[in-house]
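Below is one structure, written out as structure tokens, with a few remarks after it.
The values are calculated or read from the model by the stated rules, or taken from the named source; none is laboratory data. Remember, it's a predicted structure, so these values are computed and weren't measured experimentally. Quick reminder, even Gly has a Cβ in these numbers, built from the backbone with ideal geometry, and neighbours come from all protein chains shown.
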Amino acid sequence: MNKYLQRVLTQTKQNNSNETEYLQSVEEVLTSIEPVVEAHKDIYEKTALLERIVEPERIITFRVPWMDDNGQVHVNRGYRVQFSSLIGPYKGGLRFHPSVNQSIMKFLGFEQIFKNALTGLPIGGAKGGSNFDPKGKSDNEIMRFCQSFMTELYRHIGQDVDVPAGDIGVGGREIGYLFGQYKRIRDAYEGGVLTGKDISYGGSLARKEATGYGLIFFMREMLNAHNNSLAGKTVTISGSGNVAIYAAEKAIASGAKVVTMSDSNGCIYDPAGIDINLVKQIKEVERGRIKEYLRVYPNAQYIESRSNEDSPVWTIKTDIALPCATQNEISLDSAKKLVQNGVIAVGEGANMPCTLEATNYLLENRILVAPGKAANAGGVATSAIEMSQNSMRFYYTFEEVEEKLDKIMVNIFKACKQAADDYNHSGNYVMGANIAAFKKLADAMIAQGIV
Ligand code: NDP
């Protein structure tokens, strides 16, 4: 490996030794941009460009006290990692999940810088959230938590400063409570301060659908480039949240058959094809568990599984696998099962759903891998379209937003393909995505001097 790259990787490991997810994301990026670093090593080393790109501009942690419905007070930890404002205001979602810690926030923030650069839109990279568990909480408890969280966060964000959105555990309901509290404290209507808003008060049509739809648009482009298509393919999906639901919906509309979905308790397998409207009813309206699918389709199979890794989803024979739940959900073992069962493509709806070993194994076996940074960028791209509508005080129709999203995903795929081809790694879109994004960021860093 290039000596400078190796040194930065070693230093980053030493300085962040207990942050495994963050180190995993840094290692993936740094190892795949080696040819670019090799070509510019003098200027990059002299300006400590890699040392600067792996160090967040700012990390904010704060106390979030809140009261449950029985009058008991609880305390959670809030985070905002403002990783890079190089090409636009900090931008990235908020995650509410008990597993949230600084390592997960930093990995997500780091990924976000590259993803946002790939969209071609003026947005920097950030991530935030809390180790709060929204599961089983009443609406009032969620509201009190969100209000307390925003009472600290508001001083660090703004529509030209930092624009959070949703992620795991943060959907339309949470964004609504967060926005209400921000507006109340600021005493001003700054619509663009959060994205993923409901359309009744400034949200964008098609934002809810954007990450999942965008994933399928990227998959369509990738398959086309290899003389293949989604029509008639079997698709396995993990997760049953925002990304999973709309990926399934668009995959079905593209002529594929989706046979699995899951949540953190288990997965459903319906060889006849998942009824996505029923999943929406269970997950979006009733906020129930995926198991309840069997109440209408008793012949579908439910396989219990509480482990993050090695979900039963990846043991089922499929053409296309779409991990849409969480990080590291496809281990090397799961990747081997997928290859054994004849998978042709893996599309990362979630952020970093494949371990490094799993990704390398898939690539070595010539499986097409659509990397999350590129393939799930449709969500943040549409958030940027939401921001621009808020600034214009004007709304696009659903069709207009979907058309813009489609064009953005086509361009992201083109950029990944071009970079992979340019560096003699045709077909390796993981490398293509990292290189395309990094080159843009490196140019901006050099142009802006030592900051
Ligand atoms: P949601 O909270 O809407 O859904 C998450 C889904 O994944 C749920 O079905 C959840 O099950 C499951 N899940 C979450 N954590 C685990 C876990 N530890 N083990 C097993 N299952 C789990 O989140 P999103 O759909 O918004 O996000 C999913 C992924 O996509 C994340 O990696 C996120 O970072 C990424 N992403 C999201 C974007 C967006 O616009 N929302 C944009 C780009 C990426 P359960 O309900 O049981 O917890």
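Quick notes
- Restricting region 61-91 to residues that are over 28 Å from Ser138 (Cβ atoms) and touching a helix residue (DSSP H, G or I) at 6+ places or on another chain (Cβ under 8 Å), the residue that is surrounded by the most Cβ atoms within 10 Å (Cβ to Cβ) is Lys91.
- Residue match in region 310-332 (condition: away from the ligand (no atom under 16 Å from the Cβ), modelled with pLDDT of 95 or more and of a type in the set (Asp, Glu)): yes
- Residues of region 255-274 satisfying the condition of being assigned to a strand (DSSP E or B), of a type in the set (D, E, K, R) and away from the ligand (no atom under 13 Å from the Cβ): Lys257
So that you can scan it fast, the table gives a plain yes or no per residue for (1) over 25 Å from Val380 (Cα atoms); (2) within 14 Å of the ligand (Cβ to nearest atom); (3) touching a strand residue (DSSP E or B) at 6+ places or on another chain (Cβ under 8 Å); (4) in contact (Cβ under 8 Å) with a residue 60 or more places away in the chain:
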position	(1), (2), (3), (4)
Ile60	no, no, yes, yes
Met67	yes, no, yes, yes
Phe83	no, no, yes, no
Tyr90	no, no, yes, yes
His97	no, yes, yes, yes
Leu108	no, yes, yes, yes
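- For region 232-249, a tally of residues being more than 11 Å from the ligand (Cβ to nearest atom) and either touching a residue at least 40 places away in the same chain (Cβ under 8 Å) or closer than 15 Å to Leu215 by Cα (or both) returns 6.
- Options Asp187, Asp162, Asp139: the member that is away from the ligand (no atom under 16 Å from the Cβ), within 26 Å of Ile408 (Cα to Cα) and charged (D, E, K, R): Asp162
- Scanning region 264-287 for residues that are within 25 Å of Gly169 (Cβ to Cβ) and exposed (fewer than 14 other Cβ atoms within 10 Å of the Cβ) returns Asn265, Asn277, Val285, Glu286, Arg287.
- Applying the criterion of being among the hydrophobic types (A, V, I, L, M, F, W, C) and touching a Phe, Trp or Tyr at 6+ places or on another chain (Cβ under 7 Å) to the residues of region 115-137, the residue that is nearest to Val170 (Cα to Cα) is Phe132.
- Within region 170-178, none of the residues are under 16 Å from Lys91 (Cα atoms) and more than 16 Å from the ligand (Cβ to nearest atom).
- Candidates Phe132, Phe145 - the one that is away from the ligand (no atom under 11 Å from the Cβ), surrounded by 17 or more Cβ atoms within 10 Å (Cβ to Cβ) and within 22 Å of the chain's Cα centre (by Cα): Phe132
- Checking Ile252 against (1) outside any loop (DSSP other than H, G, I, E, B); (2) within 13 Å of the ligand (Cβ to nearest atom); (3) not acidic (Asp, Glu), the condition it does not meet: (2)
- Met431 falls short on exactly one of the conditions (1) within 26 Å of Tyr90 (Cβ to Cβ); (2) touching a residue at least 60 places away in the same chain (Cβ under 8 Å); (3) aliphatic (A, V, I, L, M), and that condition is (1).
- Complete set of residues in region 286-305 that are away from the ligand (no atom under 14 Å from the Cβ) and either hydroxyl-bearing (Ser, Thr, Tyr) or in a helix (DSSP H, G or I) (or both): Leu294, Arg295, Tyr297
- Lone unmet requirement of (1) under 15 Å from the mean Cα position of the chain (by Cα); (2) in contact (Cβ under 8 Å) with a residue 40 or more places away in the chain for Cys354: (2)
- Residue list for region 281-312, filter: among the acidic types (Asp, Glu) and in contact (Cβ under 8 Å) with a residue 12 or more places away in the chain: Glu284, Glu304, Glu309, Asp310
- Hey, Ile412 touching a Phe, Trp or Tyr at 6+ places or on another chain (Cβ under 7 Å), closer than 23 Å to Tyr361 by Cβ and of a type outside the set (Phe, Trp, Tyr) or not: no
- Residue ID - nearest to Phe83 (Cα to Cα), chosen from residues in region 190-207 that are crowded, with 16+ Cβ neighbours inside 10 Å and away from the ligand (no atom under 16 Å from the Cβ): Val193
- Checking each residue in region 335-358 for being outside any loop (DSSP other than H, G, I, E, B), surrounded by fewer than 24 Cβ atoms within 10 Å (Cβ to Cβ) and either among the polar types (S, T, N, Q) or within 16 Å of the ligand (Cβ to nearest atom) (or both) picks out only Gln340.
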